[in-house]
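Here is the structure we will look at.
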Amino acid sequence: MASNGIKDRVAIIGMGCTRFGEHWDKSVDDLLIDAAYEAYESAGIAPEDVDAYWLGTMGSFSGLTLSTPLKIPYRPVTRVENFCATGSESLRQACYAVASGAYDVAMAIGVEKLKDSGYSGLVVGQAPNDGTLGNITPPASFSLLAPAYFKKYGLDPEKGKDVISRIAWKNHRNGARNPKAQFQKEVPLESIKNSPKVADPLGIMDCSGVSDGSAAAIVVRAEDALKYRKDPIYIKALSFIAGPGEGPMSPEYDFTTFPEVVASAKDAYAQAGIKNPRQEISMAEVHDCFTPTELVLYEDMGFSPRGTAWRDVMDGFFDLEGKLPVNPDGGLKSFGHPIGASGLRMMYEMWLQLRGEAGPRQIDNPKLGMTHNLGGAPGRCVSFVSVVGRSLG
Ligand code: COA
């Protein structure tokens with residue numbers, strides 16, 4: 001299989017992101033307009049300067065969802081969907097479109113408005129199937145990672161709960177420094193540990209929230225980027241992998257890894273030329289839909305050797321001041337997860353951090369950032385990994 005990548009061929013020249021949260025007073029149209037216009041302004045261009053659009057959303061079915069509110073003058077708008085990695089998928093398509101030469105300027109934009117839709121993690125979202133997929137909620141499905149990991153690596157349940165609680169504590173601590181997050185308060189470790197149970201051992205505070213939001217990126221070929229601004233960021237890798245979906249049926253699958261994430265991280269590192277992610281990646285935004293997901297991802301992405309991520313968590317390795325800050329913006333834990341927007345919200349943090357604009361969350365001199373976005377459930381998912389950097393080469 002060839003996966004040649006587009007290292008250093010595409011740059012992001014502007015981004016926008018709404019505050020995530022309960023937007024009772026705004027429609028999907030309003031959220032799209034807010035994110036798109038912030039991105040146009042950030043890139044210093046007008047709507048008519050964008051040749052083509054990719055819209056990530058699970059809530060509607062065509063490009064009209066974007067072209068109508070933006071009043072785009074007869075431009076191609078493609079609506080994409082790829083589970084919870086939908087926002088990242090829109091970025092991937094827009095980048096490939098400009099890299100191919102088909103368009104000069106493209107926008108990737110994602111949106112979801114969940115709060116007033118009745119959406120909840122406590123409702124089983126499974127489409128009718130042959131009965132082999134089970135019938136469980138997202139928190140229940142991801143909760144299976146925790147006891148599997150604890151048992152495999154010798155953590156008693158109480159120690160294991162300390163570890164996953166610390167992940168939530170870290171992400172809320174980062175989110176408290178972010179004016180665009182849904183939850184902007186630090187949460188004491190004890191409150192996290194004792195939060196009402198949702199799917200044992202997960203409590204409410206181990207779950208991402210439910211929110212509304214939108215985020216957008218404008219991309220051009222790297223050779224054109226400096227015409228727009230002096231500090232673009234460059235795409236080093238974009239990898240997307242869909243698994244065979246057989247985990248829940250397979251006796252081999254032990255719920256302590258996402259093979260799709262291992263494969264997409266490996267592919268992305270090869271595209272970007274990264275040999276040692278633990279040393280070379282300055283920061284990452286990862287898909288912390290539930291706290292044990294983030295724990296397992298550390299190992300799948302090669303940030304920690306197998307069986308040791310829990311120690312790194314307790315040592316603060318992934319804290320804002322740690323060696324490899326993860327979810328510096330607060331993650332899904334602080335932002336909630338408006339499906340189509342999340343992947344681009346992760347990239348928005350890279351955009352701020354790599355250009356020194358992350359304010360009280362600013363990481364010291366980051367060079368390479370990574371975003372990871374997954375959709376589905378343990379054993380049956382799709383995974384996206386990007387690597388971005390602040391300079392060419
Ligand atoms: N993290 C932190 N705080 C949360 C929270 C979360 N996940 N969910 C709710 N809260 C807070 C609310 O802000 C609110 O606080 P307030 O009383 O100070 O205003 C309080 O808890 C109650 O909020 P409410 O919206 O009534 O909670 P809920 O019980 O309806 O929802 C969950 C809680 C866990 C069910 C919901 O957050 C959820 O479904 N999360 C998972 C989403 C999911 O599965 N996504 C798919 C990922 S693959």
SASA check, Leu297, accessible area w/ 1.4 Å probe, all protein chains in place, rounded to nearest 10 Å², comes out at 0 Å²
If unit charges are put on Cβ atoms (+1 for Lys and Arg, -1 for Asp and Glu) and the dipole of the chain is taken about its Cα centre, the option from Pro292, Ile167, Gly322 lying farthest towards the positive end turns out to be Gly322
For the chain, percent of DSSP beta bridges that are antiparallel (nearest 5) comes out at 75 percent
Treating only Lys and Arg (+1) and Asp and Glu (-1) as charged, each at its beta carbon, one finds that the stretch 1-82 has a dipole about its Cα centre, in Debye to the nearest 20, of 320 debye
Asserting the computed 222 nm helical MRE of the chain (DSSP H runs at least 4 long, -39500 (n - 2.57) per run, divided by residue count, to nearest 500) equals -10500 deg cm²/dmol
Counting only protein heavy atoms and leaving out ligands, DNA and RNA, the solvent-accessible surface of Tyr153 at a 1.4 Å probe, in Å² to the nearest 10, equals 50 Å²
Two pseudo-spin positions, 7 Å from Cα along C-beta at Lys323 and at Asp364, lie apart in nanometres by 1.4 nm
Rounded to the nearest 10 degrees, the helix 157-175 long axis (Cα) sits at an angle to the longest Cα principal axis of the chain of 20 degrees
Answer in debye to the nearest 20: the dipole magnitude of the stretch 66-127 about its Cα centre, from +1 Lys/Arg and -1 Asp/Glu charges placed on Cβ, is 140 debye
Here the stretch 185-193 yields Karplus 3J(HN,Hα) values (6.51, -1.76, 1.60; θ = phi - 60°; whole Hz; Gly and Pro given as x) of 10, 5, 10, x, 3, 5, 5, 5, 4
In the structure shown, of Lys266/Lys323; Lys170/Lys193; Lys151/Lys323; Lys185/Lys333, the pairs separated by more than 18 angstrom at the C-alpha atoms are Lys266/Lys323; Lys151/Lys323
The stretch 1-97: relative contact order from alpha carbon pairs under 8 Å, six or more residues apart, as a whole percent, is 26 percent
Ignoring ligands and nucleic acids, Ile72 exposes an accessible area, probe 1.4 Å, in Å² to the nearest 10, of 20 Å²
Given unit charges at Cβ for Lys, Arg (+) and Asp, Glu (-), the dipole magnitude of the chain about its Cα centre in debye, nearest 20, is 600 debye
In the neighbourhood of Val105 defined by beta carbon distances under 12 Å, the net charge of the other residues (Lys, Arg +1; Asp, Glu -1) is -2
For the chain, dividing by residue count, accessible area per residue (probe 1.4 Å) in Å² works out to 39 Å²
Placing each pseudo-label 7 Å from Cα in the direction of the beta carbon, Ala46 and Lys159 end up separated by a distance in nanometres of 6.4 nm
Of the candidates Leu114, His23, Phe255, the farthest towards the positive dipole end of the chain (Lys/Arg Cβ +1, Asp/Glu Cβ -1, centred on the Cα centre) is Phe255
In whole percent, the fraction of accessible protein surface over the chain that belongs to carbon or sulfur atoms, probe radius 1.4 Å, stands at 53 percent
Projected onto the charge dipole of the stretch 1-113 (unit charges on the beta-carbon of Lys, Arg, Asp and Glu, signs +1, +1, -1, -1), the Cα from Thr57, Val80, Ser67 with the largest positive-side position is that of Val80
Computed ³J(HN,Hα) along the stretch 107-122: with the Karplus parameters 6.51/-1.76/1.60, θ = phi - 60°, integer Hz and x for glycine or proline, the list is 10, 10, 9, x, 8, 7, 10, 9, 4, 9, 9, x, 5, 7, x, 8
Net charge near Val198 (other residues with Cβ under 14 Å of its Cβ; Lys, Arg +1; Asp, Glu -1) is +2
For the chain, the longest principal axis of the Cα atoms and the Cα long axis of helix 291-300 enclose an angle in degrees, to the nearest 10, of 80 degrees
Relative to the chain, whose Cα atoms define the longest principal axis, helix 339-354 and its Cα axis are tilted in degrees, nearest 10, by 80 degrees
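The values are calculated or read from the model by the stated rules, or taken from the named source; none is laboratory data. Computed from a prediction, not measured in an experiment: that's the story for all the values here. Cβ coordinates were reconstructed from backbone atoms using ideal geometry, including for glycine residues, and neighbour counts include every protein chain displayed. Just so you know, the surface numbers come from the protein's heavy atoms only, side chains and all, with ligands and any DNA or RNA stripped out. Shrake-Rupley method; radii C 1.70, N 1.55, O 1.52, S 1.80 Å.
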